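The values are calculated or read from the model by the stated rules, or taken from the named source; none is laboratory data. Only a predicted model underlies this, so the values are computations on that prediction, with no experimental measurement involved. Cβ coordinates were reconstructed from backbone atoms using ideal geometry, including for glycine residues, and neighbour counts include every protein chain displayed.
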Amino acid sequence: MFKTFSAVAVTLVAAAAAAPAAFAWSPPTALSSAEESNPLAQAAFDGSVLSGWLTPQATLSKGLGPLRPLTAADPYETVWASALDAAGNAAVLSLRKHKPVQRVRATLVAADGTRGRTYTISDNTHSAAQPHLAVAPDGTAVAAWQWHDPAGWRVQAAIRRPGASRFDKPQNVSPPADARLRPSITVAAGEGGRAALSWQVQTGQDAPLHVVSATDATFGADQVLPGGGRWADVSMAVAPDGAVTVAYLGIASGPVGLRVASGTAGAPLGDPVLLSQGGKGTSSGPQSAVAISADGTTTVAWAKPGDRYEDGGVLEVYTRAPGAPAFGAPQTLAEAASGIVAAGGPGSSAAVAWMTGADRAGRLHWRVNAALRTGSAFDAPQQLSDDTRNALWPTIAMTPSGKTVAAWVTNTSGGGSGQPTVSVNPAG
């Protein structure tokens, strides 16, 4: 994915409550010199990174060591998604392009490296595409993909229960879409076989945004959230107790707002609350993020846009204490932010990471930044990347001990792939 943004002057905005950064990040370290995309920071093994998106083989940097093969390479398969549970057990989804039909396959790999048999999880009577995956700390995993039969494209999903050796049978989550349209999908996994999933078909300026949740590995009734726009940027999380938070931006032709709906897996969500309103200018990459900390504190971050497209937005972060009925006032962390990601940590701690573009010698140069919350407010943001190369598309995770791991790609082009690079906090 190549992204071109307008040149902007980047200014970090310290909120009044922001404290000086408590700990230092380690210098950025490249995990490989190979061109990779979407390295995924993980909490397992006291910090690790998964890689291998759209390649024949998934790789793992266990404990932030060298990237090593996690799955076996197959010339007919490409890796589309992978994730670890708290113990380091991996789930990997691949897409197999081979007769009779294209299908979604899963490989489960134990923390000690023992690799299970790769098997098909999509309905193999018709073609499947673009799988998504989320894994909860206890090993609950939800996989969803686009599935096509003669009636059209629909959403199909399967859930792996904690400790199970396989995913359950696939479930049809949506009806077939009209004509050649395909549904967009977002998933989140919760413990004990819980999950949440959103889907939307871009049918016009007010395309319905659907949400379903699952308990005991079974999805329930469909719910439509208002304000989905032409298409919605969606982020979601499921807490260990089953609490579900869905944040979304309904993107149409006018101003963009941040809406949040909350509830419990297996029951309808409450009416969405409009937390903030921005301009009409949206940007590529994730524009919102949701994270739930160990004590149940919920964090929602978004890049509040202005009226210019691909210029990022003002990074606002909202926090809701456990049991509180509403979010507090936002904390502003940065300007011109895009590629927003977040993670929850022990207690009420949380981390947010993003990228910013700045004009340097007439060219747009990308940096990765992060901020941590270990008390009541986020600390002052810090730049994690150095300025020798562009740094883009961060991911972030927090370990049970409170270590924060950030991963991204670096390159000289400003494009979507590059060398997978990592930094940790506290350093050392």
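Restrict the check to segment 162-171 and report whether at least one residue is surrounded by fewer than 21 Cβ atoms within 10 Å (Cβ to Cβ) and assigned to a strand (DSSP E or B). Yes, because at least one residue in segment 162-171 is surrounded by fewer than 21 Cβ atoms within 10 Å (Cβ to Cβ) and assigned to a strand (DSSP E or B). Of all the residues that make up segment 314-356, how many are over 21 Å from GLY257 (Cβ atoms) and not in a strand (DSSP E or B)? Residues meeting the conditions: 9.
Scanning segment 131-146 for residues that are farther than 13 Å from ALA86 by Cβ and in contact (Cβ under 8 Å) with a residue 40 or more places away in the chain turns up PRO131, HIS132, LEU133, ALA134, VAL142, ALA143, ALA144, TRP145. From the list TRP25, TRP80, the one residue that fits, being more than 19 Å from ALA110 (Cβ to Cβ), at pLDDT 95 or above and either aliphatic (A, V, I, L, M) or in a strand (DSSP E or B) (or both), is TRP80.
Quick test of your reading of the structure: LEU54 fulfils all but one of (1) touching a residue at least 40 places away in the same chain (Cβ under 8 Å); (2) at positive phi. Name the failing condition by number. Every condition holds for LEU54 apart from (1). Within segment 285-313, being in a strand (DSSP E or B), among the aromatic types (Phe, Trp, Tyr) and farther than 22 Å from GLN382 by Cβ holds for no residue.
Rundown of residues vs (1) without any contact (Cβ under 8 Å) to a residue 60 or more places away in the chain; (2) acidic (Asp, Glu); (3) crowded, with 16+ Cβ neighbours inside 10 Å, yes/no style:
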site	(1), (2), (3)
ARG68	yes, no, no
GLU77	yes, yes, yes
SER94	yes, no, yes
ARG117	yes, no, no
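What number of residues in segment 143-161 are part of a strand (DSSP E or B), over 14 Å from PRO183 (Cβ atoms) and not small (Gly, Ala, Ser)?
In the first step, residues of segment 143-161 are kept if they are part of a strand (DSSP E or B); the result is 143-149, 152-160.
Now drop any that are not over 14 Å from PRO183 (Cβ atoms), which leaves 143, 158-160.
Next, from what is left, pick out any that are not small (Gly, Ala, Ser): 159-160.
Within segment 143-161, residues that are part of a strand (DSSP E or B), over 14 Å from PRO183 (Cβ atoms) and not small (Gly, Ala, Ser) number 2.
Examine segment 130-145 for a residue that is surrounded by fewer than 23 Cβ atoms within 10 Å (Cβ to Cβ) and either more than 17 Å from ALA217 (Cβ to Cβ) or at pLDDT below 95 (or both), and state whether such a residue exists. The answer is yes; a qualifying residue exists. Could you please let me know if TRP366 is over 27 Å from ALA136 (Cα atoms), in contact with a strand residue (DSSP E or B) (Cβ under 8 Å, 6 or more places away or on another chain), hydrophobic (A, V, I, L, M, F, W, C) and part of a strand (DSSP E or B)? Answer is yes for this residue.
Residues in segment 298-315 that are within 18 Å of the chain's Cα centre (by Cα) and farther than 20 Å from LEU392 by Cα: THR298, THR299, VAL300.
Only a single item in (1) in contact (Cβ under 8 Å) with a residue 60 or more places away in the chain; (2) within 20 Å of THR78 (Cα to Cα) is not met by ARG160, and it is number (2). Does segment 111-120 contain any residue that is in a loop (DSSP other than H, G, I, E, B) and either touching a strand residue (DSSP E or B) at 6+ places or on another chain (Cβ under 6 Å) or modelled with pLDDT under 95 (or both)? Yes; the residues of segment 111-120 include at least one that is in a loop (DSSP other than H, G, I, E, B) and either touching a strand residue (DSSP E or B) at 6+ places or on another chain (Cβ under 6 Å) or modelled with pLDDT under 95 (or both).
Return yes when ARG308 is of a type in the set (Lys, Arg), free of Cβ contacts under 8 Å to residues at least 60 places away in the same chain and out of contact with any Asp or Glu (no Cβ under 8 Å at 6 or more places or on another chain) and no when it is not. Taking the combined requirement at face value, the residue does not satisfy it. Listed by first and then second residue, the pairs linking a residue in segment 182-195 that is closer than 18 Å to SER293 by Cα to a residue that is surrounded by fewer than 24 Cβ atoms within 10 Å (Cβ to Cβ) and among the aromatic types (Phe, Trp, Tyr), with Cβ atoms under 8 Å apart and 6 or more places separating them unless they lie on different chains, are ALA195/PHE219.
Does PRO208 qualify as being over 24 Å from VAL260 (Cα atoms), touching a residue at least 12 places away in the same chain (Cβ under 8 Å) and not hydrophobic (A, V, I, L, M, F, W, C)? So that I can check it myself, show each step before the final result.
Details: over 24 Å from VAL260 (Cα atoms): no; touching a residue at least 12 places away in the same chain (Cβ under 8 Å): yes; not hydrophobic (A, V, I, L, M, F, W, C): yes.
Taking the combined requirement at face value, the residue does not satisfy it.
Quick one: which residue in ALA106, ALA86 is surrounded by 14 or more Cβ atoms within 10 Å (Cβ to Cβ), at pLDDT 95 or above, among the small types (Gly, Ala, Ser) and not in a loop (DSSP other than H, G, I, E, B)? Result of the check over ALA106, ALA86: ALA106.
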